[in-house]
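Working notes, beginning with the structure itself.
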Amino acid sequence: MTLKNTPDRWGAVSQSFHWLIVLLILALAIVGLTMGELPRTPKYFWVYTAHKSMGITVLALMLLRLGWRLYAGAPKPVAGTPTWQAAIAAVTHWALYALALAIPLSGWLYDSASGLRPFRWFGLFDVPKLVGPNEWLADQARDAHELLFWVLVVLVAAHAGAAFYHHLFQRDDTLARMLPRRRPRPTTPTQDPDHVA
Ligand code: HEM
Ligand code: HEM
């Protein structure tokens, strides 16, 4: 598999960014939706710091991914895709980029405006504050963080649904070209000159 995208497949770099970020967003969603219920023990703060650290990681990965996408381009739409479907897919992809950048940014803004102590990224270094304490801004950023997350959920449901629809019903390459290529099938005995029956 090539590193760069080709006219008919996503390369290894785009695939790795895609699936790693899917896993991180899933983990962030589970932790984000449950952490508010935790008892206020030292572990509570540890879980919040883990959520924030993972979120900043997604922000950094998304910026790298955006750079790679602008450099490496995208495959052509799968043969036979109507123009309107290709246009919707392209708009959805850019909207997913915007959301996966805006969600961690709004979280970071909320953390900054809340006037809390700086948190350490996975315990390694202090993450700087974007703004000084500001209760109004903190409330707005927190609402935006939650709202944008639910917009992402709806869009991802449509996006993943479309991918599975193409795979199961259209039986085209849309999903397969975002997955590592399977090894070629072993040759049959009659085709394999080294085969001993
Ligand atoms: C792609 C990245 C991220 C995702 C998908 C995500 C997702 C979520 C979700 C689903 C919630 C629960 C929302 C609710 O129901 O109230 C949440 C809460 C929270 N997130 Fe994130 N988050 C991300 C990044 C960040 C970052 C980078 C920070 C801070 C640096 C952050 C800080 C917080 C905080 C402090 C809360 C608790 C809000 C509250 O008190 O209600 N998040 N996040
Ligand atoms: C189980 C969930 C998911 C599935 C099955 C899935 C599947 C796919 C497939 C098959 C493609 C290639 C489409 C094509 O070639 O036209 C793709 C592209 C893309 N997906 Fe997903 N996806 C999922 C979740 C997500 C999530 C959570 C995001 C949020 C960031 C996302 C963002 C993107 C983007 C931005 C592209 C365009 C390719 C790029 O620029 O890297 N996907 N996805």
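The values are calculated or read from the model by the stated rules, or taken from the named source; none is laboratory data. From a predicted model like this one, the values you see are computed outputs, not experimental measurements. Virtual Cβ from ideal backbone geometry, glycine too; neighbours counted across all protein chains shown. Remember, those area values only see protein heavy atoms, side chains included, never the ligands or the DNA or RNA. Shrake-Rupley method; radii C 1.70, N 1.55, O 1.52, S 1.80 Å.
Only one of the numbered conditions (1) within 16 Å of ligand 2 (Cβ to nearest atom); (2) closer than 27 Å to Trp46 by Cα; (3) of a type outside the set (Lys, Arg); (4) not in a helix (DSSP H, G or I) is violated by Pro104, and that is (4). Taken together, the residues in segment 1-55 that are within 16 Å of ligand 1 (Cβ to nearest atom) and assigned to a helix (DSSP H, G or I) amount to 34. Out of curiosity, is Arg181 assigned to a loop (DSSP other than H, G, I, E, B) and either on the phi > 0 side of the Ramachandran plot or touching a residue at least 24 places away in the same chain (Cβ under 8 Å) (or both)? Taking the combined requirement at face value, the residue satisfies it.
With respect to (1) over 30 Å from Leu3 (Cα atoms); (2) exposed (fewer than 13 other Cβ atoms within 10 Å of the Cβ), the lone exception for Leu26 is condition (1).
Which residues, counting only those in segment 156-184, are touching a helix residue (DSSP H, G or I) at 6+ places or on another chain (Cβ under 9 Å) and open to solvent by 50 Å² or more (accessible area, probe 1.4 Å)? Val156, Ala158, His159, His167, Asp173, Leu179, Pro180, Arg182 - these are the residues of segment 156-184 that are touching a helix residue (DSSP H, G or I) at 6+ places or on another chain (Cβ under 9 Å) and open to solvent by 50 Å² or more (accessible area, probe 1.4 Å). Filtered by the rule that a residue be open to solvent by 50 Å² or more (accessible area, probe 1.4 Å), within 20 Å of Leu61 (Cα to Cα) and either among the hydrophobic types (A, V, I, L, M, F, W, C) or assigned to a loop (DSSP other than H, G, I, E, B) (or both), segment 110-122 gives Trp121, Phe122.
The set of residues in segment 14-26 that are more than 9 Å from ligand 2 (Cβ to nearest atom) and either over 11 Å from the mean Cα position of the chain (by Cα) or closer than 16 Å to Arg181 by Cα (or both) contains only Ser16. When Lys52 is tested against (1) closer than 19 Å to Leu109 by Cβ; (2) surrounded by fewer than 16 Cβ atoms within 10 Å (Cβ to Cβ); (3) of a type outside the set (S, T, N, Q); (4) touching an Asp or Glu at 6+ places or on another chain (Cβ under 8 Å), just one condition goes unmet, and that condition is (2). A search for C-beta distances below 8 Å between a residue of segment 64-78 that is assigned to a helix (DSSP H, G or I) and any residue that is among the basic types (Lys, Arg) and open to solvent by 80 Å² or more (accessible area, probe 1.4 Å), counting only pairs 6+ apart in sequence or on different chains, returns Ala72/Lys4. One residue stands out among those in segment 56-74 that are within 11 Å of ligand 1 (Cβ to nearest atom) and crowded, with 16+ Cβ neighbours inside 10 Å: the one that is nearest to Val127 (Cα to Cα), which is Ile56.
Screening Gln85 with (1) surrounded by 14 or more Cβ atoms within 10 Å (Cβ to Cβ); (2) at pLDDT 95 or above gives one miss only, at (2).
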